[in-house]
Structures are given as structure tokens and as C-alpha cells.
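Take a look at the structure below.
The values are calculated or read from the model by the stated rules, or taken from the named source; none is laboratory data. Nothing here was measured: the structure is a model prediction, and the numbers come from that model. Every residue, glycine among them, receives a Cβ derived from its backbone with ideal geometry; neighbour counts consider all protein chains shown. These accessible areas exclude ligands, DNA and RNA; they are computed on the full protein's heavy atoms, side chains included. Shrake-Rupley method; radii C 1.70, N 1.55, O 1.52, S 1.80 Å.
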Amino acid sequence: RAVHGFDRTDGTLRAQAGCTLLHLQDLAAEHEHLVPLDLGSAGSCQIGGNLATNAGGSYYYRYGSLRANVLGLRAVGGDGTIYDCG
């Protein structure tokens, strides 16, 4: 459930799928940025699940879908194969 980094130059955030949305929102706010997703369950929902379901929220119409705001994704398959997308 780690955050791997926030790049202030381009405003990108790298995190594991198990990070809660609230944790990511707080981190982005510390750097005067925001995560373009606003859900009532921010304290318990995880970013991996949000991406899998393309969760919306009140920011959808202003910033677009969550998937449209993702620049890349790395996943590990059951056999250990690493998949880099984006």
C-alpha cells in the first residue's frame, strides 16, 4: 500500500493498487494538486478498485474519467509475468 513517489515537475503520482483514495488525495493536496476522483468512500476504497471499475464521482464532468487520467499501469500476472501498460 505504498506510494512510490510524487513528481512535482509534471504532477504525476505513483502508487500501489492497495492505497486508499483518501491517502492519495491527502498526498496530492500536500503538493497543491488533486486526484481527479471524489467519492464518499475515499477512506476505504482503494485506487486499484477505482481503476478497475472506472469509478466516477463529482469530478467526472470536469476532469474526465479516472482511466483517462492514468498515464501508465504495471501489473503482475499469476505466473509472475510483469505487464507494463502506458
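Taking 0.36 nm per residue of separation and subtracting the current Cα-Cα distance, fully stretching the chain between residue 14 and residue 26 would add 2.9 nm.
Over the chain, with a single point scatterer placed on each C-alpha, what log10 of the ratio I(q)/I(0) does the Debye formula yield at q = 0.20, 0.26 1/Å? Normalising to I(0) and taking log10 leaves -0.98, -1.55. Explain nothing, just the number: relative contact order of the chain, from Cα pairs under 8 Å at least 6 residues apart, as a whole percent. Reported as a whole number, the value is 20 percent. Over region 26-86, accessible surface divided per residue gives 69 Å², non-protein components excluded, 1.4 Å probe. To the nearest ten degrees, helix 21-30 and the longest principal axis of the Cα atoms of the chain are 60 degrees apart.
Per-residue ellipticity at 222 nm, computed for the chain from helices alone with -39500 (n - 2.57) per DSSP H run of at least four residues, works out to -6000 deg cm²/dmol.
Surface composition of region 1-77: carbon plus sulfur atoms hold 49% of the accessible area, using a 1.4 angstrom probe and ignoring ligands, DNA and RNA. Taking amide H as placed 1.01 Å from N in the peptide plane, residue 55 has no amide H partner under 5 Å among residues 5 or more places away or on another chain.
Dipole orientation for the chain: of the candidates 51, 18, 33, 51 has the Cα lying most toward the positive pole (charges on Cβ; Lys, Arg +1; Asp, Glu -1).
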